[in-house]
Amino acid sequence: MFRRPRRNRQSAALRGMATETHLSVQHLVFPMFVLDGQKMRSEIRSLPGTYRYSPDTLLYEIESCMHLGLSNFILFPAVADQLKDKTATYSWSPENFYLKTAREIKRRFPECCLISDVAMDPYSSDGHDGMVIDGEIVNDETLPILAKMSVAQAAAGFDMLGPSDMMDGRVGYIRQALDEQGFAKTGILAYTAKYASAMYGPFRDALDSAPKSGDKKSYQMNPTNKREALIEAELDTAEGADMLMVKPALHYLDVIHLLKEKSHLPIAAYHVSGECAMLRAACGNGWLDFDRAMPETLLSIRRAGADVILTYFAKEFAERFPEGI
Ligand code: PBG
């Protein structure tokens, strides 16, 4: 045998030299849930180890992440039912606790990268990402609402906005509104290939944001489709997206790979709540070892081509692997 692949695996030093994929905390974004109030930290039933924070405890948590070198966050608000309505007016209200919280975070930690989700569902009495008229999730009437929400978030200091609503034309519409209002520097992390997935369950528990009727299949992508992701990628790119995202991540590694090959923009992948919950459950039962399964999982997403990974395990990764892997 002239060729023996095992020769390169003999020692840690050799394996180190032959390492193809690296992952460090700078690639990670930590999704966090915010609720109004004080001194609160409530665990999400279907995603143990992940919490909803009131603004004061959230600031402590962000500080402790920053000490670990984890400085990228995406926030989601848990809004009280009585503040939800058909047109998501609370999303741009000057009273909005979420916007006030963002302002405070950027005041305390100007060096962090703060990202906001853009979609109507946390604020909508219908629990849909777009406006509902006579049972239909209407596209064009939703765009001005998303633009208003985006401008309010940019004004609150968010560095990037992540439209997750999957309405057609929203990236360009939001880009234009931001530019007109003087927010040319605010970036757009487009949820480009967001699938109508069963993996969002714990997230909807966290925000109590499940659709009141119907499902999201008329706007989120069909899980059978891969080439269609290229159409979304072309549009988001032409409309001014700064990064493209695939969501979920683990069940769509082929789509991550495809977009990485076809696009020159940074590719992000969202390791979503249900995907994290699966691993938590197996590890909680003692069936898998978290300290090994977690980094292997994140590496698979990176190897598929993700530059950036949004994961509920971001802080635990930072704690365990301060030097990266
Ligand atoms: C809302 C939104 C969802 C997620 C991110 N933004 C849920 C949905 O589309 O129903 C899911 C994230 C996760 O499951 O971790 N537009």
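Fully extending the segment from R6 to H67, taken as 0.36 nm per residue of separation minus the present Cα-Cα distance, adds 18.0 nm. The GluC sites (Glu not before Pro) of segment 1-73 meeting both criteria, a DSSP state outside H, G, I, E and B (loop) and at most 15 other C-beta atoms within 10 angstrom of the site's C-beta, are E20. Applying the criteria of a DSSP loop state and at most 15 other Cβ atoms within 10 Å to the trypsin sites (Lys or Arg not before Pro) of segment 9-93 yields K39, R45, K86.
Segment 1-67 and segment 270-325 have Cα centres separated by 7 Å. The fraction of all Cα pairs in segment 186-325 landing in successive 5 Å bins from 0 to the largest distance is 2, 10, 18, 20, 19, 16, 10, 4, 1, 0, given as whole percents. The length gained on full extension between T224 and E136, counted as 0.36 nm times the residue separation minus their Cα-Cα distance, comes to 29.4 nm. Taking label points 7 Å from Cα along the Cα-to-Cβ direction, R103 and K86 give a separation of 3.0 nm.
Label segment 22-320 by shape, choosing from rounded, prolate and oblate, from the square roots a ≥ b ≥ c of the eigenvalues of the Cα gyration tensor; if a/c is under 1.5 it is rounded, and otherwise prolate applies when a/b is larger than b/c, oblate when it is not. Since a/c stays below 1.5, the shape of segment 22-320 is classed as rounded. Rolling a 1.4 angstrom probe over the protein heavy atoms with all chains in place gives the chain an accessible area of 47 Å² per residue.
Which of the three applies to segment 88-176, rounded, prolate or oblate, going by the alpha-carbon gyration tensor with a ≥ b ≥ c and a/c under 1.5 meaning rounded? It is prolate, given that a/c is not under 1.5 and a/b is the larger ratio. Cross-link check: pairs K100/K185; K100/K148; K39/K315; K148/K247 evaluated at a Cα-Cα cut-off of 18 Å; pairs beyond the cut-off: K100/K185; K39/K315; K148/K247.
In the chain, helical runs assigned H by DSSP with n ≥ 4 each contribute -39500 (n - 2.57); averaged across all residues and rounded to the nearest 500, the mean residue ellipticity at 222 nm is -11000 deg cm²/dmol.
Kindly state, to the nearest 0.05, the FRET efficiency for K262 paired with K39, given R0 = 51 Å and r defined as their beta-carbon distance. Calculated transfer efficiency: 0.60. With a cut-off of at most 16 other beta carbons within 10 Å, and DSSP calling the residue loop, which trypsin sites (Lys or Arg not before Pro) in segment 206-314 qualify? Please list them. Passing both the DSSP loop test and the Cβ count: K212, K217, K226. Averaging the sequence gap over all C-alpha pairs within less than 8 Å and six or more residues apart, then dividing by the number of residues, gives the chain a relative contact order of 20 percent. The accessible surface of the chain, taken with every protein chain in place and a 1.4 Å probe, is 51 percent carbon and sulfur. The ratio of the alpha-carbon radius of gyration of segment 169-221 to the globular-protein estimate 2.2 N^0.38 Å is 1.48. Its residue count N fixes a reference of 2.2 N^0.38 Å for segment 139-191, and the Cα radius of gyration divided by that reference is 0.98.
The values are calculated or read from the model by the stated rules, or taken from the named source; none is laboratory data. All values derive from a computational prediction rather than experimental measurement. For neighbour counting, all protein chains shown are included, and Cβ atoms are generated from backbone atoms with ideal geometry for every residue, glycine included. Note: areas computed on protein heavy atoms with side chains; ligands, DNA, RNA excluded. Shrake-Rupley method; radii C 1.70, N 1.55, O 1.52, S 1.80 Å.
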